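Undergrad: Please see the structure below; I have some questions.
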Amino acid sequence: MSDDPVEAPGARQAVSVVIPVLLDGEPDWERGPLPFGTEERRWDAERRGQYYAPAAARALYGRRWHRRASVTEGPLTLEGLELLRVATPKEPRHALGVLHFAVRDVPLPAVLRGIGHRAGAGPDPLTGALDPAVLFGGVADTAPPRAPFALARPYTVAFFSPGATHTAVLREADGRLPVSADRRLRELAWRSTEADNPSPPERVEGISAEAIRISADWSALVGRHGAAFLGHRPDQGPGDFYEFAAVQARAVYLDALLLGMVQRDHLDALTDELSQVFDSTPGLARRVSALERHIAVFRSTCWRRHQTVHGPADGLLRAFQAQHRLPELFTDILAEAADYSRIVQTRESRQIAGALGVLTVLGLPLGTALSVLQVLGDENPWHLLIALTGALAATAAALTTRYGRLVVASLRGTPRRGRERD
C-alpha cells in the first residue's frame, strides 16, 4: 500500500470490464443481467427495466445472460459474468461480454493502467484464471472481431469511494470541489495518470464541464475507452450511501453505457454496409432497400429520443454518444442512405421511361403500317409481311438514332459511355 493518500486504495473499489465477443451459441446461463443488491432490494431486469423505455429495455435485457462466479487472482476478485447479444445483419453472433471485479489492497488506477496497457504499468491483470478466453471458454470467442471499428481495447467502468485520507477528491468545507478531484476522475476514466498523459489547464476546465454531478456525494465522467464514478466524501463503511451507489454504478448506469455500445456497434455495421452499396452494380435497388430496412429497425429499437427516464443514466448515455460522435454519425448515415435512395429512384424512373420509349419506337411504325393496310382494305398476306418488314426496318433505324440509343441505355439502367454529340 502506498503512503501517498492520493494513491492509497479506496474504501470501495470495483471495475466492470466490457469486451466484444462472438457467441458460440445461446449460453446455458441464467437469463437477464447479473442482479446486484440485497434480496429485499434486488436490482434485476424487472427493476432496472423501469428506468428505460420499453424498446431500450428489450435491447438491454431481452437477449442477456449472466453467471455468478468467485475467482480471485492478485488484487481482483471476479464476482460475475454477463453476455449481451448485439446481433447485426452481417454478424448475428456479435455480443458484449462483461466481467465484474472487486479490487482490494492496491490503488484502483494501477489496475486500470494495467488493463489499458499503459507504458510503465504493471502486468495486465486479466490473465491466468481471469483471462477472458478462459472465463468465456466454451460459450464465446474472445478473439478481436473482424467487424469494422471493433472495440480495440476493453472498456472499463470504475467505481471509487474515498476514505478520510483521500483529501484530494473530497469536497472542501465550503462545498467546492478541488481541481484535483476532477483530475483524479479523469485518470480513472482514461486509465492514465498525469505522467502518462499530462493535461493542459484548458483541458482540466473542459473535464470539469464534462463531468456529470450525480449528487453532492459523487460524480461521473465518460471517456472513449472507459468511464468512472468517484465519491466526494469519506465512505463510512457498511450501510453507507456508497453501498447503494456502487450497485447503481454496476446496474442502471452501466446499462446506459452498454446501450451506447449497442448503438455504436449497429451504427458501425450500417456504415460498413453503406460503404459496400456500389461494390457491384447488379442488385443495387435490393441492397439499398435492405439498408433502409436495417436503418428503420435500428431507429425503432435502439435510437429513440427518450431512452431513459432517469436523469443521470440519460446523461451518461448522451455523454457516451458525444464521445463517439454517434448523433453526427447517424445523421451522416441517414443523409447518405437518402442519396442512394434517390439514385435508385432516378434509375428506376429512367428504366420506366426507357420501357415506354421502346414501346413507342416499336409500336409506332407497326401501328402505322397496319393502319394503312386497314384503310386500304388490303388483306393480302404478302403485303402484310412487307408491312411488318418495313416496320421492323423503321424501328431498327430509329434505334440507331441518338434518341433510340438513349432509350436503350435507359432501359438497361446503365449510362451511355462517351460524350453525346448533338
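The values are calculated or read from the model by the stated rules, or taken from the named source; none is laboratory data. For clarity, every value in this text was computed on a predicted model and none was experimentally measured. Methodologically, a virtual Cβ is constructed for each residue, glycine included, from the backbone with ideal geometry; neighbour enumeration extends over all protein chains shown. Note: areas computed on protein heavy atoms with side chains; ligands, DNA, RNA excluded. Shrake-Rupley method; radii C 1.70, N 1.55, O 1.52, S 1.80 Å.
Undergrad: Conditions: (1) at negative phi; (2) open to solvent by less than 50 Å² (accessible area, probe 1.4 Å); (3) under 29 Å from the mean Cα position of the chain (by Cα). GLY10 meets all but one. Number of the miss?
TA: Tallying (1) at negative phi; (2) open to solvent by less than 50 Å² (accessible area, probe 1.4 Å); (3) under 29 Å from the mean Cα position of the chain (by Cα), GLY10 fails exactly one: (3).
Undergrad: Search region 302-319 for residues being modelled with pLDDT of 85 or more and outside any loop (DSSP other than H, G, I, E, B), and hand back the single one that is most open to solvent (accessible area, probe 1.4 Å).
TA: Taking the candidates together, the pick is ARG318.
Undergrad: Another question about this same structure. So ALA209 passes all but one of these: (1) under 30 Å from LEU267 (Cβ atoms); (2) in contact with a strand residue (DSSP E or B) (Cβ under 9 Å, 6 or more places away or on another chain); (3) aliphatic (A, V, I, L, M). Which condition number does it fail?
TA: Unmet for ALA209, out of (1) under 30 Å from LEU267 (Cβ atoms); (2) in contact with a strand residue (DSSP E or B) (Cβ under 9 Å, 6 or more places away or on another chain); (3) aliphatic (A, V, I, L, M): (2).
Undergrad: Let me ask something else about it. The conditions are (1) charged (D, E, K, R); (2) open to solvent by 80 Å² or more (accessible area, probe 1.4 Å); (3) not in a loop (DSSP other than H, G, I, E, B), and ARG176 fails exactly one of them. Which is it?
TA: (3)
Undergrad: From the list GLY122, GLY138, which one is part of a loop (DSSP other than H, G, I, E, B), open to solvent by 40 Å² or more (accessible area, probe 1.4 Å) and either within 21 Å of ARG67 (Cβ to Cβ) or acidic (Asp, Glu) (or both)? Steps first, please.
TA: On the way: GLY122 fails: either within 21 Å of ARG67 (Cβ to Cβ) or acidic (Asp, Glu) (or both).
The match here is GLY138.
Undergrad: Can you tell me which of (1) open to solvent by 40 Å² or more (accessible area, probe 1.4 Å); (2) out of contact with any helix residue (DSSP H, G or I) (no Cβ under 7 Å at 6 or more places or on another chain); (3) not in a helix (DSSP H, G or I) is the one GLY237 doesn't meet?
TA: (1)
Undergrad: While we're here: If a residue has to be farther than 22 Å from GLN236 by Cβ and either at pLDDT 90 or above or open to solvent by less than 20 Å² (accessible area, probe 1.4 Å) (or both) to count, how many in region 184-203 make the cut?
TA: Number satisfying all stated conditions: 6.
Undergrad: Which pairs do you get when a residue that is more than 19 Å from LEU177 (Cα to Cα), found in region 223-251, comes within reach of a residue that is assigned to a loop (DSSP other than H, G, I, E, B) and open to solvent by less than 20 Å² (accessible area, probe 1.4 Å), reach meaning Cβ atoms under 6 angstrom, with the pair 6+ apart or on two chains?
TA: Here the result reads GLY226/ARG191, each pair linking region 223-251 to a residue that is assigned to a loop (DSSP other than H, G, I, E, B) and open to solvent by less than 20 Å² (accessible area, probe 1.4 Å).
Undergrad: Here's something else I'd like to know. Hey, can you tell me all the residues within region 21-78 that are under 20 Å from MET261 (Cα atoms), open to solvent by less than 30 Å² (accessible area, probe 1.4 Å) and outside any helix (DSSP H, G or I)?
TA: VAL21, LEU22, LEU23, GLY32, PRO33, LEU34, TYR52, ALA53, ARG64, TRP65, HIS66, listed by residue number.
Undergrad: If I filter region 49-58 for residues that are of a type in the set (Phe, Trp, Tyr), more than 25 Å from the chain's Cα centre (by Cα) and at pLDDT below 95, do I get at least one hit?
TA: No; the residues of region 49-58 include none that is of a type in the set (Phe, Trp, Tyr), more than 25 Å from the chain's Cα centre (by Cα) and at pLDDT below 95.
Undergrad: Considering every residue within region 120-134, establish whether at least one is of a type in the set (D, E, K, R), out of contact with any Lys or Arg (no Cβ under 7 Å at 6 or more places or on another chain) and within 21 Å of LEU185 (Cα to Cα).
TA: The answer is no, given that none of the residues of region 120-134 is of a type in the set (D, E, K, R), out of contact with any Lys or Arg (no Cβ under 7 Å at 6 or more places or on another chain) and within 21 Å of LEU185 (Cα to Cα).
Undergrad: Considering only region 182-217, state which residues are outside any loop (DSSP other than H, G, I, E, B), in contact with a helix residue (DSSP H, G or I) (Cβ under 8 Å, 6 or more places away or on another chain) and without any contact (Cβ under 8 Å) to a residue 60 or more places away in the chain.
TA: Once the filter is applied, which keeps residues that are outside any loop (DSSP other than H, G, I, E, B), in contact with a helix residue (DSSP H, G or I) (Cβ under 8 Å, 6 or more places away or on another chain) and without any contact (Cβ under 8 Å) to a residue 60 or more places away in the chain, region 182-217 yields ASP182, ARG183, LEU185, ARG186, VAL204, ILE207, SER208.
Undergrad: Would you check if PHE159 is under 33 Å from the mean Cα position of the chain (by Cα), at pLDDT 95 or above, under 19 Å from GLY226 (Cβ atoms) and aromatic (Phe, Trp, Tyr)?
TA: Yes: the conditions hold for PHE159.
Undergrad: So, in region 32-53, exactly how many residues are closer than 19 Å to GLN307 by Cα, in contact with a strand residue (DSSP E or B) (Cβ under 9 Å, 6 or more places away or on another chain) and among the charged types (D, E, K, R)?
TA: 2
Undergrad: Please indicate, with yes or no, whether at least one residue in region 147-155 is hydroxyl-bearing (Ser, Thr, Tyr) and closer than 16 Å to VAL21 by Cα. Quick ask: steps written out before the conclusion?
TA: First pass over region 147-155, keeping only residues hydroxyl-bearing (Ser, Thr, Tyr): 155.
Add one more test, that the residue is closer than 16 Å to VAL21 by Cα, and what stays is 155.
Yes, some residue in region 147-155 is hydroxyl-bearing (Ser, Thr, Tyr) and closer than 16 Å to VAL21 by Cα.
Undergrad: Consider GLY114 against the criteria (1) assigned to a helix (DSSP H, G or I); (2) surrounded by fewer than 17 Cβ atoms within 10 Å (Cβ to Cβ): it satisfies all of them except one. Which criterion is unmet?
TA: Among (1) assigned to a helix (DSSP H, G or I); (2) surrounded by fewer than 17 Cβ atoms within 10 Å (Cβ to Cβ), GLY114 violates only (2).
Undergrad: Please state which one of ARG171, ARG146, ARG153 is at pLDDT 90 or above and either of a type in the set (Lys, Arg) or closer than 24 Å to ASP255 by Cβ (or both).
TA: From the options ARG171, ARG146, ARG153, the qualifying one is ARG171.
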